[in-house]
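I have placed the structure first, in the form of structure tokens, so that the comments after it can refer back to it.
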Amino acid sequence: MQRFEYCNANTCAKELLALGPINMKMWCLFQWLTEHEQLQHGTQAEMIKLYVYDELVAFSLLENYAARTDKTKRYAGHLYQDLGVVHFVTMPDHRQKGYASLVADVMYKDVIQPLLSRHRNGHVYVTATARAVPLMQRAGIAATNLVTEFYSDLSFKEKVAEIINPS
């Protein structure tokens with residue numbers, strides 16, 4: 001029996017820390033939340049967790065930047081808004097069973113798609129890298145809403161603007 005659960009990471013950080021450092025970046029985020037109760041600059045950490053027979057088998061976390069003014073950029077006369085970075089973790093004993101794809105579908109439909117719909121000004125996008133990219137692509141996110149590499153001010157044109165706004 002499987003069930004999905006939505007939470008803000010600040011309410012479930014202790015549960016996820018108890019799993020051990022399966023993904024070091026997430027471990028640091030959960031550790032921060034247990035010590036400070038919230039992330040900096042208005043960032044929210046929205047999660048979809050998948051349990052199978054009451055055991056956590058996979059989760060996705062969106063570092064949601066929607067409330068951050070520093071994640072909006074005007075470039076070549078166009079407005080761009082970075083709405084966050086999406087991550088996926090599957091517990092080692094449960095890899096290669098399709099759980100990450102299931103979590104990606106729910107994360108996209110229940111969290112990311114509504115977020116994109118609420119932000120229609122300019123070009124809005126989320127970032128997914130490495131193994132998160134095909135998960136998000138299969139979940140149905142439009143190429144114009146997905147950045148697939150981390151970027152800097154110097155690489156913004158190449159890695160963001162030319163990808164999500166190729167005109």
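The values are calculated or read from the model by the stated rules, or taken from the named source; none is laboratory data. It should be emphasised that the depicted structure is a prediction, and the values quoted were computed from it without experimental measurement. FYI the Cβ positions are ideal-geometry reconstructions off the backbone, even for glycines, and counts take in every protein chain you see. Remember, those area values only see protein heavy atoms, side chains included, never the ligands or the DNA or RNA. Shrake-Rupley method; radii C 1.70, N 1.55, O 1.52, S 1.80 Å.
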The chain: relative contact order as a whole-number percent, Cα under 8 Å and 6+ apart: 17
Dipole magnitude of the stretch 1-101 about its Cα centre (Cβ charges: Lys, Arg +1; Asp, Glu -1), debye to nearest 20: 380
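Round to a whole number: what % of the accessible area of the stretch 20-167 belongs to carbon and sulfur, probe 1.4 Å?
Values: 3800 of 7790 Å².
Using a 1.4 Å probe with all protein chains present, the stretch 20-167 comes out at 49 percent carbon and sulfur.
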Partner aspartates and glutamates for LYS49 [C-alpha distance under 19 Å; skip if fewer than 8 residues away on the same chain]: GLU5, GLU15, GLU63, ASP93, ASP105, ASP110
Percent of alpha-carbon pairs separated by more than 24 Å within the stretch 17-113: 30
Percent of alpha-carbon pairs separated by more than 26 Å within the chain: 28
From the C-alpha gyration tensor of the stretch 100-167, square roots of 5λ in Å: 21, 15, 9
Loop trypsin sites (Lys or Arg not before Pro), the stretch 76-167 (other Cβ atoms within 10 Å of the site Cβ: 10 or fewer; DSSP): ARG120
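Rolling a 1.4 Å sphere over the protein heavy atoms, what is the accessible area per residue of the chain, to the nearest Å²? Show your work: numbers first, answer last.
Details: 9060 Å² over 167 residues.
Heavy-atom SASA per residue in the chain reads 54 Å².
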